[in-house]
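Novice: Structure below; questions to follow.
The values are calculated or read from the model by the stated rules, or taken from the named source; none is laboratory data. Quick caveat: nothing in here was measured; it's all calculated off a predicted structure. FYI the Cβ positions are ideal-geometry reconstructions off the backbone, even for glycines, and counts take in every protein chain you see. Note: areas computed on protein heavy atoms with side chains; ligands, DNA, RNA excluded. Shrake-Rupley method; radii C 1.70, N 1.55, O 1.52, S 1.80 Å.
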Amino acid sequence: MANGQSAENLAPLELLANDISGAAKIIEGYCVLEHEAHPTGDATAPAVTIPSSAPRYVREARQRLLSAAKAIQQIAAEPTEYLPTLAVQYQYLACVKWLAHFQVFAAIPLQGSVPYDRLASIVTTPERQLRSILRMAITSGCFCEPVLGEVAHNAVSRKFVDQPGYLGWIKFMDEYYMPLASNMAQTTERYGDSQKPNETATNVAFSTPLTTFDFITRSPDLSKIFSAYMKSVAESEGTTLRHLIADFDWAKLGEALVVHVAGAPGSVSVALAEAYPKLRFLVQDSAEQIEHSRAFLRAQTGAIRSRIELAVHTVFKMQPVTNASVYLLRMSLHTRPAAEVKRVLACLLPAVKANANARILVVETVIPLPGSCGILDEALERYRDLVMKQCFNTIERELPEWHAMLGSIADAEGHLEIVNVEKSPGSALSSLEVKYQRHHTNGVLANTVNGGNGRS
Ligand SMILES: C[S@@+](CC[C@H](N)C(=O)[O-])C[C@H]1O[C@@H](n2cnc3c(N)ncnc32)[C@H](O)[C@@H]1O
């Protein structure tokens, strides 16, 4: 400990500085041991800072470092700096939008640097404006200036070239999410605590009577950028399928059937099928989506295709398959009002009641209780909660709310119960393992005798 002091005697700033230093040592030590490139923000920065194959303690150190760095900035800053710092954030979004509009990402060579004046003549923008906007973006971590007067890509800006969906994401944030967020107060003024899907910030911001889904799908422009945005979100760190694979003990299932409820197009089943060759899958969704799934599966290898079946099934009808080991519900509940969430879960109850080892795996955001995790993780989960409210009048839930929701799904002999919760470092989603719990009989939990898995 610095100066021989114990942790209890350290002031908050020193504690955070120690956290940062300790986490940075773990990360740098890992990079040296594994011959990985050291994280930097310059042109040589690796495309991935910490690979997903890194041990959990290294990925946890990265989360700790990010949160401690954010927390230390907050407490070291003067209160009078709060608003100027907030102002910087909206300018960042405006700069990235401007750079995307003038196709600056594509105009900068992937290797080497380019002088501002030459770049300005390529993208036909005033040089002084281009330089100001790029230099502002550089302070956000996007692009770098390896030689004074010349700009180059770094790992962040290169993403906008490698993954064009990033441009759709920025456009969607700017043209859709921003107006919703800035109309949040007017929405509460007009609709109070409404949970109706057509009394949201979408209705206020865009003066439409439509629900958010209808509003987006009926606008060709918006639905195009929405698809690009969703594709990028699916590939982003928070929702990558690697977390789903890591956050449940799929191997213990052996040869088993997994039903992915509302699982089109089937990319989740394909990823799991590749990782676990003994598992078979049934993807259920609407008739229209299952048609897309057929096309999607045709592009997979025969070995994968042979283990994935498709079926038209609505989440509001009783689950017809009762011999599966897992009924997976991933990101399918948070856009629904509570009454619908209950109906969806109730349709699965008989299937998990029929087999004491069967599980419902609910993969959704769990909002952390204040201070229970790093400040950055907490902010990202709370962001998702606000977006759900603004778009759908629905919520993301805290763990006690998930316990209450699942516990309320019951029949005469028992109810649904969460037996385990897992969340990989960096994941935006938690995996809630849910079983049917029989009511106490003579003080003994009937299900425990029958095959609880002991992981709770
Ligand atoms: C956000 S997506 C879920 C994505 C998918 N579960 C995953 O993990 O990537 C919602 C899915 O629910 C499906 N869906 C919506 N309403 C449904 C219903 N009533 N019955 C069955 N599927 C439905 C949609 O077609 C869509 O595939």
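Novice: Out of everything in segment 297-325 that is within 26 Å of Thr365 (Cβ to Cβ) and in contact with a strand residue (DSSP E or B) (Cβ under 7 Å, 6 or more places away or on another chain), what residue ends up being nearest to the ligand (Cβ to nearest atom)?
Specialist: Taking the candidates together, the pick is Val315.
Novice: Exactly one condition in (1) under 25 Å from the mean Cα position of the chain (by Cα); (2) in a helix (DSSP H, G or I); (3) in contact (Cβ under 8 Å) with a residue 40 or more places away in the chain is false for Gln89; which is it?
Specialist: Looking at each condition in turn, Gln89 falls short on (3).
Novice: To continue, here is another question. What number of residues in segment 242-253 are in contact with a strand residue (DSSP E or B) (Cβ under 9 Å, 6 or more places away or on another chain), part of a helix (DSSP H, G or I) and within 15 Å of the ligand (Cβ to nearest atom)?
Specialist: 2
Novice: Please verify whether Leu386 is among the aliphatic types (A, V, I, L, M) and more than 25 Å from Phe281 (Cα to Cα), treating the condition exactly as stated. Step through it out loud before you land on a result.
Specialist: Numbers: among the aliphatic types (A, V, I, L, M): yes; more than 25 Å from Phe281 (Cα to Cα): yes.
So Leu386 passes the test.
Novice: Can you tell me which of (1) closer than 25 Å to His243 by Cα; (2) touching a helix residue (DSSP H, G or I) at 6+ places or on another chain (Cβ under 7 Å); (3) surrounded by fewer than 12 Cβ atoms within 10 Å (Cβ to Cβ) is the one Ile75 doesn't meet?
Specialist: (1) is the only condition that Ile75 fails.
Here's the yes/no breakdown for (1) exposed (fewer than 14 other Cβ atoms within 10 Å of the Cβ); (2) touching a helix residue (DSSP H, G or I) at 6+ places or on another chain (Cβ under 9 Å); (3) more than 20 Å from Leu348 (Cα to Cα); (4) at pLDDT 95 or above:
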| position | (1), (2), (3), (4) |
| --- | --- |
| Asn393 | no, yes, yes, yes |
| His403 | no, no, no, yes |
| Glu422 | no, yes, yes, yes |
| Pro425 | no, yes, yes, no |
| Asn442 | yes, no, yes, no |
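Novice: Examine segment 326-338 for a residue that is touching a strand residue (DSSP E or B) at 6+ places or on another chain (Cβ under 7 Å), open to solvent by 40 Å² or more (accessible area, probe 1.4 Å), within 13 Å of the ligand (Cβ to nearest atom) and under 19 Å from Asp247 (Cα atoms), and state whether such a residue exists.
Specialist: Yes: one or more hits.
Novice: Name every residue in segment 348-365 that is part of a loop (DSSP other than H, G, I, E, B) and more than 16 Å from Gly263 (Cα to Cα), in order of residue number.
Specialist: Initially, segment 348-365 is screened for residues part of a loop (DSSP other than H, G, I, E, B), giving 348, 355-358, 365.
Matches in segment 348-365: Asn355, Ala356, Asn357, Ala358, Thr365.
Novice: Farther than 15 Å from Leu328 by Cβ, open to solvent by less than 20 Å² (accessible area, probe 1.4 Å) and away from the ligand (no atom under 12 Å from the Cβ): does that describe Ser227? Step through it out loud before you land on a result.
Specialist: Numbers: farther than 15 Å from Leu328 by Cβ: yes; open to solvent by less than 20 Å² (accessible area, probe 1.4 Å): no; away from the ligand (no atom under 12 Å from the Cβ): yes.
It is false that Ser227 is farther than 15 Å from Leu328 by Cβ, open to solvent by less than 20 Å² (accessible area, probe 1.4 Å) and away from the ligand (no atom under 12 Å from the Cβ).
Novice: On the basis of being in a strand (DSSP E or B) and either among the β-branched types (Val, Ile, Thr) or under 17 Å from Ser430 (Cβ atoms) (or both), does Val315 make the cut?
Specialist: Numbers: in a strand (DSSP E or B): no; either among the β-branched types (Val, Ile, Thr) or under 17 Å from Ser430 (Cβ atoms) (or both): yes.
Considered against the rule, which asks whether it is in a strand (DSSP E or B) and either among the β-branched types (Val, Ile, Thr) or under 17 Å from Ser430 (Cβ atoms) (or both), Val315 comes out as no.
Novice: Taking segment 254-291 only, how many residues are within 9 Å of the ligand (Cβ to nearest atom), farther than 22 Å from Thr322 by Cβ and outside any loop (DSSP other than H, G, I, E, B)?
Specialist: 3
Novice: List every residue pair whose Cβ atoms sit under 6 Å apart, with the two residues 6 or more apart in sequence or on different chains, where the first one lies in segment 266-285 and is among the β-branched types (Val, Ile, Thr) and the second, anywhere, is near the ligand (Cβ under 10 Å from one of its atoms).
Specialist: Val268/His260; Val283/His260; Val283/Gly263; Val283/Gly266; Val283/Ser269; Val283/Ser293
Novice: Do we find a residue being farther than 24 Å from Ser236 by Cβ and either at pLDDT 90 or above or part of a helix (DSSP H, G or I) (or both) anywhere in segment 49-58?
Specialist: Of all residues in segment 49-58, those farther than 24 Å from Ser236 by Cβ come to none.
There is no residue in segment 49-58 that is farther than 24 Å from Ser236 by Cβ and either at pLDDT 90 or above or part of a helix (DSSP H, G or I) (or both).
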